[in-house]
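The values are calculated or read from the model by the stated rules, or taken from the named source; none is laboratory data. Because the structure is predicted, anything quoted here is derived from the model rather than measured. FYI the Cβ positions are ideal-geometry reconstructions off the backbone, even for glycines, and counts take in every protein chain you see. Remember, those area values only see protein heavy atoms, side chains included, never the ligands or the DNA or RNA. Shrake-Rupley method; radii C 1.70, N 1.55, O 1.52, S 1.80 Å.
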Amino acid sequence: MTVLVTGGAGYIGSHMVWELLDAGENVVVLDRLSTGFEWAVAPEAKLVVGDVADGELVGSIIRENKVDAIIHFAGSIVVPESVADPLAYYENNTSKTRTLIETAVREGVPNFIFSSTAAVYGGAGLEPVREDARLAPESPYGLSKLMSEWMLRDASLAHDIRYTALRYFNVAGADPKGRTGQSTPGATHLIKVACETALGKRPFMQVFGTDYPTPDGTCMRDYIHVSDLAAAHRLALQRLRDGGQSLVANCGYSHGYSVLEVIDSVRRAFGHDFEVRMGDRRAGDAAAVVANSDLARSELGWTPQRDDLDQIVNDALAWERILTSKNSARG
Ligand code: UDP
């Protein structure tokens, strides 16, 4: 049995590959290398460079490797980009996922795990959000993922395929063993931006809004360590293989940290100060987005191991240092 990981050269996908290999699984990665990196793929995994919508290619990968599960990470993930170019997001995330599901059904792959997002909820509140909350994506990105969830739901009712869609909250940190991390240039995510600023890769960073209805006025998010997220997928895989029914579950820790708390954690990890400017709100940001993760805990038996902001930040900063030396070695 082999697991096919699409987008396995990217940030979360490359952690998933290590998680699976560490658990003794055979892994094939399918990645276009548009934003991922060949070096990010663990050497024990087989890398195929190609597109998830290439049904012939995916079909041959499935048959040659006896793939019994697909974990689908490949896709576009930048919310403002999806607002500027919605059709590209519906093509890349929704349409290509449709073709991949079709190939999985045609080839008889029984298990499918899909990388979804808290963006399907739209603006949440300070209260942790449950899976049965109102679904109201505020961006083409969120909608492109929600449509994929719906296609999976309908396909699983019509065909012999079961799925788990995991809705990620704010994924951050890096492999504690330093084997992979978030490496795509031009990052916009808070912890990565703060680590880059601490290391002098940016002259300063900005806090986007200080007048939100939160305890310190800055936005609150539920930051989850990427290794805990990968572990949730591994448990989801086990559950599907054991005959578990299709499931949609949040992945977060169920408590939020403010932007200022995150920056303080990066200061502690770095040991020095760096320049932080207070700025205006960023368009489209909700005041708070926090997961209710009871379902992942009860259904998957998921017990987070790294629910600690300082640890997330320490691992992210350590990876940022590794990346600096990798990039300078490459000239
Ligand atoms: N943020 C910020 N400065 C930055 C990047 C992000 O103040 O340079 C804030 C952003 O406004 C949001 C939070 O940090 O409230 C998390 O943003 P991120 O882009 O990491 O994730 P999102 O929740 O938007 O997916």
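So which lysines pass the test for LYS96, namely a Cα distance under 19 Å, with those fewer than 8 places away in the same chain ruled out?
LYS145
When DSSP beta bridges are limited to those with both residues in segment 122-257, what percentage is antiparallel, rounded to the nearest 5?
On the way: 1 of 9 bridges.
Of all bridge pairs located within segment 122-257, approximately 10 percent are antiparallel.
Looking at the chain, what % of its DSSP beta bridges pair antiparallel, to the nearest 5?
Values: 2 of 42 bridges.
Once the DSSP bridges in the chain are tallied, antiparallel ones form about 5 percent.
Report the gain in length on full extension from ARG321 to MET278: 0.36 nm times residue separation, minus Cα-Cα distance, nm rounded to one decimal.
Numbers: separation 43, 0.36 × 43 = 15.48 nm, distance 2.59 nm.
Full extension of this stretch gives 12.9 nm more.
Report, in debye and to the nearest 20, how large the dipole of the chain comes out about its Cα centre when Lys and Arg carry +1 and Asp and Glu carry -1 on their Cβ. Before the final figure, lay out the partial values.
Numbers: 32 positive and 43 negative charges, 81 e Å.
The calculated dipole for the chain is roughly 380 debye.
Whole Å is fine, so just give me how far the alpha carbon centre of segment 292-312 lies from that of segment 161-209.
Cα centroid of segment 292-312 versus Cα centroid of segment 161-209: 18 Å apart.
Under DSSP H, which helices of the chain have Cα atoms covering 24 Å or more of the helix axis and a Kyte-Doolittle average no less than -0.5? Write down the numbers at each step before the final one.
Details: long enough: 140-158 (27 Å, 0.03); 309-329 (30 Å, -0.12).
Qualifying helices: 140-158, 309-329.
Compute the signed sum of charges (Lys and Arg +1, Asp and Glu -1) over the other residues within less than 12 Å, Cβ to Cβ, of VAL79.
Working: positive: LYS145, ARG282; negative: GLU81, ASP85, GLU138, ASP285.
For residues surrounding VAL79, the net value is -2.
Residues of segment 312-326 with the amide nitrogen closer than 16 Å to a label point 7 Å from the Cα of TRP39, along Cα-to-Cβ, please.
Hits in segment 312-326 for TRP39 at 16 Å: 319-326.
Run through segment 182-238 and list the chymotrypsin sites (Phe, Trp or Tyr not before Pro) located in a DSSP loop whose Cβ has at most 11 other Cβ atoms within 10 Å. Numbers along the way, then the final one.
Numbers: sites: PHE204, PHE208, TYR223; in loops: PHE204.
Sparse-neighbourhood loop chymotrypsin sites (Phe, Trp or Tyr not before Pro): PHE204.
Select from ILE224, LEU247, GLY200 the residue farthest towards the positive end of the dipole of the chain; place +1 on Cβ of Lys and Arg, -1 on Cβ of Asp and Glu, and compute about the Cα centre.
Farthest towards the positive pole: GLY200.
What is the packing order of peptides 115-121, 12-18, taking the mean over residues of other C-beta atoms within 10 Å and listing the highest first? Mind showing how you got there, number by number?
On the way: 115-121: 24.9, 12-18: 27.0.
By packing density, highest mean first, the sequence is 12-18, 115-121.
Once the Cα atoms of segment 1-149 are picked out, what are the Rg and Dmax in Å?
15.7, 48
For LYS326, which lysines qualify as cross-link partners when the Cα separation must be under 30 Å and same-chain residues fewer than eight apart are set aside?
In chain and number order, the partners are LYS46, LYS177, LYS192, LYS201.
Can you grab the distance from the C-alpha centre of segment 1-51 to the C-alpha centre of segment 58-96, Å, no decimals?
Here the two parts' Cα centres lie 14 Å apart.
Which order do the peptides 150-160, 274-284, 293-303 come out in when sorted by mean C-beta neighbours inside 10 angstrom, highest first? Numbers along the way, then the final one.
Numbers: 150-160: 14.7, 274-284: 12.7, 293-303: 17.8.
Going by the mean number of other Cβ atoms within 10 Å, highest first, we get 293-303, 150-160, 274-284.
Give me the 1.4 Å probe accessible area per residue for segment 19-78, excluding ligands and nucleic acids, in Å². Write out the running numbers ahead of the final one.
Working: 2790 Å² over 60 residues.
Per residue, segment 19-78 has an accessible area of 46 Å².
What's the carbon and sulfur percent of the chain's accessible surface, probe 1.4 angstrom, rounded to a whole number?
On the way: 7120 of 14130 Å².
Result for the chain: 50 percent of the exposed heavy-atom area is carbon or sulfur.
Taking the Cα centre of segment 35-94 as origin, sum charge times position over the Cβ atoms of Lys and Arg (+1) and Asp and Glu (-1), and report the length of that vector in debye to the nearest 20.
Working: 3 positive and 10 negative charges, 42 e Å.
That gives a dipole near 200 debye.
Which number comes out as Rg/Rh for the chain once both Rg and the Kirkwood Rh are worked out on C-alpha atoms?
Details: Rg = 19.1 Å, Rh = 20.1 Å.
For the chain, the value is 0.95.
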